[in-house]
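Novice: My structure is below; once you've seen it, I'll send some questions.
The values are calculated or read from the model by the stated rules, or taken from the named source; none is laboratory data. All values derive from a computational prediction rather than experimental measurement. Glycine gets a Cβ as well: all are built from the backbone with ideal geometry, and neighbour counts include every protein chain shown. Just so you know, the surface numbers come from the protein's heavy atoms only, side chains and all, with ligands and any DNA or RNA stripped out. Shrake-Rupley method; radii C 1.70, N 1.55, O 1.52, S 1.80 Å.
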Amino acid sequence: MLATGAAVTTALAQVDREKIYQWINELSSPETRENALLELSKKRESVPDLAPMLWHSCGTIAALLQEIVNIYPSINPPTLTAHQSNRVCNALALLQCVASHPETRSAFLAAHIPLFLYPFLHTVSKTRPFEYLRLTSLGVIGALVKTDEQEVINFLLTTEIIPLCLRIMESGSELSKTVATFILQKILLDDTGLAYICQTYERFSHVAMILGKMVLQLSKEPSARLLKHVVRCYLRLSDNPRAREALRQCLPDQLKDTTFAQVLKDDTTTKRWLAQLVKNLQEGQVTDPRGIPLPTQ
């Protein structure tokens, strides 16, 4: 009986794989692509080797990029419809699958595919189709940084991802802000990323200014999840001696008093990070806070 059950399971898996192959083939044809995008995006969690299958099949990545480029004219002026947004987001979901898979990630970066998503991150329209498009695009970058791979950070630092994330952190929806802040946090947690952001006064002050605005906003409209990422960014900045000196002057008062006590009452991790941040800024304080280089006159 068990053997029969196993055989049935294997047969079903084989049928399923045949469907996957069929949908991948259908991506190459404009007539069948929309349905194939939808079906494959539903299956991306349940097919572990979907990313290599997509990457190595003929014309598939070109088809996904074509879906992205086709949307560019709808960005400016902003005329993107819900249907267009859903369709391109299914293509982005498949690219996220490729971005997060260890076998395809390096090739994905070498082909500079994340750059095709940056025009979506530049959009500012608050309509739902645009918000969904930005969030899904951020998800692809988030999947890349989640891997904690040095090559990902090295690649992102050669692009404009930090200013793009900062703009979304300032004016996006709560969910988009959370993903954008998570991406910044992951960049900061890498030594190269921290050094890059603290290298010049302009870079550091831009990051510190946006984080400060977020703290002020969070004091009015609390979000424990978003606050957690903001605090972690501040704590990581305090590991850099020059940034630490500057933070002594510009850390928002709301992080030093009891403003967020209620929001964080059950969040021991963020409370610990916040306590460590305050401790870092108190230790080894000097009377001559030079540190972060001032911009040249």
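Novice: Name the helices (runs of 4 or more DSSP H) wholly within region 173-251 that hold at least 3 residues that are farther than 23 Å from GLU149 by Cα?
Specialist: 201-220, 224-237, 241-250
Novice: Kindly establish whether PRO119 is farther than 22 Å from LEU235 by Cβ, at pLDDT 95 or above and assigned to a loop (DSSP other than H, G, I, E, B).
Specialist: In short, no.
Novice: While we're looking at this one, here's another question. Read through the list (1) open to solvent by 60 Å² or more (accessible area, probe 1.4 Å); (2) under 17 Å from the mean Cα position of the chain (by Cα), then give the number of the only condition that VAL98 fails.
Specialist: (1)
Novice: Grab the helices (runs of 4 or more DSSP H) fully contained in region 36-115, keeping just those with 2 or more residues being in contact with a Lys or Arg (Cβ under 6 Å, 6 or more places away or on another chain) and either among the aromatic types (Phe, Trp, Tyr) or within 20 Å of THR159 (Cβ to Cβ) (or both).
Specialist: Filter on region 36-115 gives an empty set.
Let's see how each residue does on (1) basic (Lys, Arg); (2) open to solvent by 30 Å² or more (accessible area, probe 1.4 Å); (3) over 25 Å from SER176 (Cα atoms); (4) over 24 Å from the mean Cα position of the chain (by Cα):
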{"position": "SER223", "(1), (2), (3), (4)": "no, no, no, no"}
{"position": "VAL231", "(1), (2), (3), (4)": "no, no, no, no"}
{"position": "LEU235", "(1), (2), (3), (4)": "no, no, no, no"}
{"position": "ALA243", "(1), (2), (3), (4)": "no, no, yes, no"}
{"position": "LEU255", "(1), (2), (3), (4)": "no, no, no, yes"}
{"position": "LYS265", "(1), (2), (3), (4)": "yes, yes, no, yes"}
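Novice: Residue under question is GLU34, and the condition is that it be more than 21 Å from ALA111 (Cα to Cα), out of contact with any Phe, Trp or Tyr (no Cβ under 9 Å at 6 or more places or on another chain) and without any contact (Cβ under 8 Å) to a residue 12 or more places away in the chain; does it hold?
Specialist: no
Novice: Scan region 143-166 residue by residue and report those that are part of a helix (DSSP H, G or I) and crowded, with 16+ Cβ neighbours inside 10 Å.
Specialist: Selection gives ALA143, LEU144, VAL145, VAL152, ILE153, PHE155, LEU156, ILE161, ILE162, LEU164, CYS165, LEU166.
Novice: Could you pull out the residue among ALA62, ALA51 that is touching an Asp or Glu at 6+ places or on another chain (Cβ under 7 Å), aliphatic (A, V, I, L, M) and either surrounded by 15 or more Cβ atoms within 10 Å (Cβ to Cβ) or modelled with pLDDT of 90 or more (or both)?
Specialist: Criteria check complete, one pass: ALA51.
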